[in-house]
Amino acid sequence: NLWSAVAGDWHASADTVALVNGVFGGIIAAAGCIAGGYLCDRMDRKTAYCAYGVLQALCAVAMAMAPRTEFTYIVFTMVYWFITGLTYAAFSAVVLEAIGHGAVATKYNLFASLSNMPIGYMTFVDGVAHDKWGPEGMLYTEAAIGLAGLAVFIAVVTIKPGRRGKAANTP
């Protein structure tokens, strides 16, 4: 949601914005989902989710520090879309692992719908940050909040004991 709003700051044309946030963004995010799902099957899903969040924060910081050109806008938007695909795959993997068996479709859709709340909230926060601190400040805010969310996620995973035994597999 943030890329169209800052396109002018990177001198990106309307056609460029439409392509990188439309067709190409979708294709790149889908590729990220496939790669993310593949990697999540080969490593701890929570670790993957955290790693992808760090990558996304690093991408935002790198874009804030990069020159403001249309080419930079294209490159970082595409990289961000790919990492977004990674995070979508990791989110799904973590949720599916957490919900176990029984009423899976209902539980998954509940988590998925709740996950839209921070996405909507971040659109608002990014807009406020952009108005107050400009495009770099918005990207730094995006990264900082992502890392703060990561810290909360790690704290919850670390503090909350995992479910063991038969109870973990019962509906």
Return the residues of the stretch 49-103 that are in a loop (DSSP other than H, G, I, E, B) and open to solvent by less than 50 Å² (accessible area, probe 1.4 Å); say none if nothing qualifies.
ALA66, GLY100, GLY102
All but one of (1) within 24 Å of GLY37 (Cβ to Cβ); (2) at pLDDT 90 or above; (3) open to solvent by less than 50 Å² (accessible area, probe 1.4 Å) hold for THR141; which doesn't?
(1)
In the stretch 126-133, is there at least one residue being small (Gly, Ala, Ser), exposed (fewer than 15 other Cβ atoms within 10 Å of the Cβ) and at pLDDT below 90?
yes
Out of the stretch 8-25, which residues are in contact (Cβ under 8 Å) with a residue 24 or more places away in the chain and surrounded by fewer than 20 Cβ atoms within 10 Å (Cβ to Cβ)?
ASP9, HIS11, SER13, THR16, ASN21, PHE24
Can you name the residue in the stretch 144-156 that is β-branched (Val, Ile, Thr) and either more than 15 Å from the chain's Cα centre (by Cα) or exposed (fewer than 14 other Cβ atoms within 10 Å of the Cβ) (or both) and is also nearest to ASP9 (Cα to Cα) among such residues?
VAL152
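The values are calculated or read from the model by the stated rules, or taken from the named source; none is laboratory data. Computed from a predicted model, the values in this text were never measured in an experiment. Quick reminder, even Gly has a Cβ in these numbers, built from the backbone with ideal geometry, and neighbours come from all protein chains shown. For the accessible areas, the whole protein counts, side chains as well, though only heavy atoms, and no ligand, DNA or RNA atoms are used. Shrake-Rupley method; radii C 1.70, N 1.55, O 1.52, S 1.80 Å.
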